[in-house]
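Below: the structure, in C-alpha coordinates.
The values are calculated or read from the model by the stated rules, or taken from the named source; none is laboratory data. All values derive from a computational prediction rather than experimental measurement. Here the Cβ positions follow ideal geometry from the backbone for every residue, glycine too, while neighbour counts run over all protein chains shown. Protein only, heavy atoms only, side chains kept; ligands, DNA and RNA dropped before computing areas. Shrake-Rupley method; radii C 1.70, N 1.55, O 1.52, S 1.80 Å.
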Amino acid sequence: MNNEIIIDGKVHGEIIKGTGISIVVNGDVETLKTEGGDVEIHGDVGTVKTASGDVFCDNVNGNIESISGDIHCKKVLGGVKTISGDVYKG
(Lines give C-alpha, C1' and ligand atoms only; values in the text may rest on other atoms or scores of the structure.)
Protein backbone atom coordinates (compact mmCIF):
# COMPACT_ATOMS: atom_id res chain seq x y z
CA MET A 1 0.00 0.00 0.00
CA ASN A 2 2.60 2.47 -1.16
CA ASN A 3 0.35 5.49 -1.79
CA GLU A 4 -1.94 3.26 -3.84
CA ILE A 5 -5.65 3.79 -4.26
CA ILE A 6 -7.25 0.37 -3.72
CA ILE A 7 -10.95 -0.33 -4.21
CA ASP A 8 -12.35 -3.83 -3.67
CA GLY A 9 -8.82 -5.22 -3.59
CA LYS A 10 -7.79 -3.75 -6.96
CA VAL A 11 -5.28 -0.93 -7.46
CA HIS A 12 -6.94 2.02 -9.21
CA GLY A 13 -4.15 4.58 -9.10
CA GLU A 14 -1.54 6.23 -7.00
CA ILE A 15 -1.59 9.30 -4.79
CA ILE A 16 0.90 11.89 -5.94
CA LYS A 17 3.08 13.06 -3.06
CA GLY A 18 2.18 16.53 -1.84
CA THR A 19 -1.44 16.41 -2.97
CA GLY A 20 -4.46 15.99 -0.74
CA ILE A 21 -7.15 13.38 -1.12
CA SER A 22 -10.84 13.42 -0.26
CA ILE A 23 -12.99 10.32 -0.48
CA VAL A 24 -16.72 10.71 -1.18
CA VAL A 25 -19.00 7.65 -1.25
CA ASN A 26 -22.60 8.00 -2.41
CA GLY A 27 -24.19 4.88 -0.95
CA ASP A 28 -23.46 2.26 1.67
CA VAL A 29 -19.95 0.90 2.26
CA GLU A 30 -18.83 -2.06 4.36
CA THR A 31 -15.29 -0.95 5.28
CA LEU A 32 -13.31 2.20 4.51
CA LYS A 33 -9.68 2.62 5.55
CA THR A 34 -7.32 5.46 4.66
CA GLU A 35 -4.05 6.86 5.93
CA GLY A 36 -4.92 10.46 5.11
CA GLY A 37 -7.61 12.70 3.75
CA ASP A 38 -11.18 13.54 4.57
CA VAL A 39 -13.87 10.87 4.25
CA GLU A 40 -17.50 11.66 3.41
CA ILE A 41 -20.07 8.85 3.20
CA HIS A 42 -23.64 9.56 2.11
CA GLY A 43 -25.09 6.31 3.41
CA ASP A 44 -24.45 3.70 6.07
CA VAL A 45 -20.99 2.30 6.83
CA GLY A 46 -19.77 -0.79 8.67
CA THR A 47 -16.32 0.39 9.81
CA VAL A 48 -14.24 3.51 9.14
CA LYS A 49 -10.58 3.97 10.07
CA THR A 50 -8.41 6.91 9.08
CA ALA A 51 -5.07 8.09 10.38
CA SER A 52 -5.48 11.74 9.48
CA GLY A 53 -8.63 13.45 8.26
CA ASP A 54 -12.18 14.31 9.17
CA VAL A 55 -14.98 11.77 8.80
CA PHE A 56 -18.56 12.69 7.81
CA CYS A 57 -21.16 9.90 7.62
CA ASP A 58 -24.74 8.91 8.34
CA ASN A 59 -25.03 5.69 10.38
CA VAL A 60 -22.10 3.54 11.51
CA ASN A 61 -22.94 -0.11 12.16
CA GLY A 62 -19.49 -0.90 13.60
CA ASN A 63 -16.59 1.19 14.86
CA ILE A 64 -15.22 4.50 13.66
CA GLU A 65 -11.69 5.68 14.40
CA SER A 66 -9.54 8.67 13.45
CA ILE A 67 -6.17 9.40 14.97
CA SER A 68 -6.19 13.06 13.96
CA GLY A 69 -9.52 14.42 12.79
CA ASP A 70 -13.08 15.25 13.72
CA ILE A 71 -15.88 12.69 13.43
CA HIS A 72 -19.36 13.80 12.36
CA CYS A 73 -22.08 11.12 12.30
CA LYS A 74 -25.74 10.52 13.07
CA LYS A 75 -25.77 7.14 14.81
CA VAL A 76 -22.99 4.76 15.90
CA LEU A 77 -23.68 1.20 17.02
CA GLY A 78 -20.03 0.43 17.84
CA GLY A 79 -17.27 2.51 19.34
CA VAL A 80 -15.97 5.95 18.39
CA LYS A 81 -12.32 6.91 18.92
CA THR A 82 -10.24 9.95 18.01
CA ILE A 83 -6.97 10.91 19.63
CA SER A 84 -6.81 14.48 18.35
CA GLY A 85 -10.25 15.64 17.27
CA ASP A 86 -13.85 16.10 18.28
CA VAL A 87 -16.91 13.86 17.91
CA TYR A 88 -20.22 15.34 16.73
CA LYS A 89 -23.45 13.32 16.67
CA GLY A 90 -26.74 14.46 15.38
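Some points to look at:
- Considering segment 45-57, the residues that are of a type outside the set (S, T, N, Q) and modelled with pLDDT under 90 include one that is least open to solvent (accessible area, probe 1.4 Å), namely 53.
- Condition broken by residue 17, with the remaining ones in (1) open to solvent by 60 Å² or more (accessible area, probe 1.4 Å); (2) at pLDDT below 90; (3) in contact with a strand residue (DSSP E or B) (Cβ under 7 Å, 6 or more places away or on another chain) satisfied: (3)
- Hey, residue 78 in a loop (DSSP other than H, G, I, E, B) and either touching a residue at least 24 places away in the same chain (Cβ under 8 Å) or among the acidic types (Asp, Glu) (or both) or not: yes
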